[in-house]
Amino acid sequence: MLAQRLNTILPDLSFEESLETTKIHSISGTLKSNENIIISRPFRSPHHTITTTALIGGGRIPKPGEISLAHNGVLFLDEIAEFDKNTLEVLRAPLEDKKVTISRLNQTLTYPCNFVLVASMNPCPCGYYGSNYKRCNCSPNEIKKYMNKLSGPLLDRIDLQIEVQRVSYDKLNSQVQETSSQIKERVDRARKIQEIRYKNEKIFSNAGLNSSQCEKYCKINDESKELLKKAYQKLGLSARVHSKILKVARTIADLEGTENIEKRHIAEAIQYRSLDKKYHNIEN
């Protein structure tokens, strides 16, 4: 349900993004007959039985796959641990390059695939590992086998990893909730800040920062560096994750309207690496 609401808080499609998205859906045959141009960000949610070709694209007559149909939108993989591991692994390069190249005997096609990957999964086969209200019946080996369906390199490419505990009935009915439009206002303000910041670069958001740009635009003080260093060493993080933490911290600061990245922003960004901290430190 949360994944389906994500489109309602994302920035509106620009005219160029609408054209790109429309072209992809047109050549794939998924454009609705009464739709001249796509103005809403796509939301794709393939079943876990999907083939690699259907996900990435290709076939006897090459067509865009789900990752390209989700271009400029959201690709939601529900129960990601149930997907075939080899199918998930082919996502690594497209997530990095924002494009996918399909080679056939007499032609090579490249499709764009700049999408937001959202995935959900149970914490273990029985679903209760780490639960605060029901005991998990899985052994450490069973939990590891389940989690190993997601490789370290794939997890490295997922910026935010959040563990959601069961919410009690009383808390569920007593929470003050923000509307999507209220959240979207903050997102739009943050995006505007980034567009101004990167007006001389060939990017439009923090996610597009390369290593040199990250060093330029994600500067942190010595106290924040020390905190990040401790997390890097303790959690055994990769260089890719180090950069992602800086980008996420930059985004947190932008959402607050804060010019500089502060220690609390780094701390919050580190907290969003729950799978690094929890599941890959399970002892046999």
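Of the listed values (1) 20.1, 67; (2) 18.7, 59; (3) 20.1, 62, grab the one calculated as Rg and Dmax of the Cα atoms in Å from the structure here. Read-out taken from this structure: (3).
Would the range 180-280 count as rounded, prolate or oblate if I go by the C-alpha gyration tensor, calling it rounded below 1.5 in a/c and otherwise prolate when a/b exceeds b/c, oblate otherwise? Taking the square roots of the gyration eigenvalues as a ≥ b ≥ c, the range 180-280 is prolate. Restricting the trypsin sites (Lys or Arg not before Pro) of the range 169-242 to loop positions (DSSP other than H, G, I, E, B) with no more than 16 neighbouring Cβ atoms within 10 Å leaves LYS199, LYS202, LYS219. Taking GluC sites (Glu not before Pro) across the range 28-95, the ones in a DSSP loop with at most 15 further Cβ atoms lying within 10 angstrom of their Cβ are GLU35, GLU79. When you filter the trypsin sites (Lys or Arg not before Pro) in the range 22-114 for DSSP loop state and at most 15 other Cβ atoms inside 10 Å of their Cβ, you are left with LYS32, ARG60, LYS98.
Pairs of Cα atoms under 8 Å, at least six residues apart: use those to get the relative contact order of the chain, whole percent. Don't skip to the answer; put the middle values down first.
Values: 356 pairs, mean separation 43.9, N = 284.
Across the chain, relative contact order equals 15 percent.
Grab the Cα-Cα distance for THR258 and THR30, subtract it from 0.36 nm times how many residues apart they are, and report the gain in nm with one decimal.
Between THR258 and THR30, full extension yields an extra 77.9 nm.
With Cα atoms defining each centre, the range 1-39 and the range 155-185 are spaced 25 Å apart in the structure. Site pair LYS234 and LYS134 shows an inter-label distance of 3.2 nm when each label is modelled 7 Å from Cα along Cα→Cβ. Counting Lys and Arg as +1 and Asp and Glu as -1 over every other residue whose Cβ lies under 15 Å from the Cβ of GLU96, the net charge comes to +3. With K and R counted +1 and D and E -1, the other residues having a Cβ less than 14 Å from that of PHE76 yield a net charge of -1. With point charges of +1 on the Cβ of Lys and Arg and -1 on the Cβ of Asp and Glu, referenced to the Cα centre of the chain, which listed residue (SER139, ASN210, LEU228) lies farthest in the positive direction of the dipole? Farthest towards the positive pole: SER139. In the chain, taking the dipole from charged Cβ atoms about the Cα centre, the farthest positive-side position among LEU31, PRO62, ALA93 is held by ALA93. If you take every residue apart from MET121 with its C-beta less than 12 Å away from the C-beta of MET121, what net charge results, scoring Lys and Arg +1 and Asp and Glu -1? Net local charge, MET121 excluded: -3.
Taking the Cα centre of the range 15-104 as origin and assigning +1 to Lys and Arg Cβ atoms and -1 to Asp and Glu Cβ atoms, the resulting dipole is close to 360 debye. Within a straight-line Cα-Cα reach of under 15 Å, LYS263 can be paired with the following aspartates and glutamates, leaving aside sequence neighbours fewer than 8 residues apart in one chain: ASP222, GLU223, GLU226, ASP254. Treating r as the C-beta distance of GLU226 and LYS171 and R0 as 45 Å, the FRET efficiency rounds to 0.80.
Contact order, relative form, for the range 193-280: 31 percent (alpha carbon pairs under 8 Å, 6 or more residues apart, mean separation divided by residue count). Please state the shape class of the range 2-121: rounded when a/c is under 1.5, otherwise prolate if a/b exceeds b/c and oblate if not, all from the C-alpha gyration tensor. Cα axes put the range 2-121 in the oblate bin.
In this label model, THR52 and CYS126 are separated by 3.5 nm, measuring between points 7 Å along each Cα→Cβ vector.
Among beta bridges from DSSP that stay inside the chain, the antiparallel ones total about 55%.
From the square roots a ≥ b ≥ c of the eigenvalues of the alpha-carbon gyration tensor of the range 35-193, which class results: rounded (a/c under 1.5), prolate (a/b over b/c), or oblate? Oblate, since a/c reaches 1.5 and b/c is not below a/b.
Aspartates and glutamates within cross-link reach of LYS144: Cα-Cα under 12 Å, excluding same-chain residues under 8 positions apart? Hits, sequence-local ones excluded: GLU283.
Charge dipole of the chain (Cα centre as origin; +1 on each Lys and Arg Cβ, -1 on each Asp and Glu Cβ, all else neutral): 400 debye, rounded to the nearest 20. About its Cα centre, the range 139-284 has a charge dipole of approximately 380 debye under the convention of +1 per Lys or Arg Cβ and -1 per Asp or Glu Cβ, with nothing else charged.
Here the Debye sum runs over all C-alpha atoms of the range 1-62 as equal scatterers in vacuum, and log10 of I(q)/I(0) at q = 0.19, 0.25 Å⁻¹ comes out as -0.92, -1.16.
Checked against a 30 Å cut-off, the cross-linked pairs LYS184/LYS244; LYS171/LYS234; LYS98/LYS192 give Cα-Cα distances beyond that limit for LYS171/LYS234.
Bear in mind these aren't lab numbers, they're just calculated from the coordinates by the rules spelled out. Since the structure is predicted, the reported quantities are computational estimates derived from the model, not experimental observations. Glycine also receives a Cβ, built like all others from the backbone with ideal geometry; neighbour counts cover every protein chain displayed.
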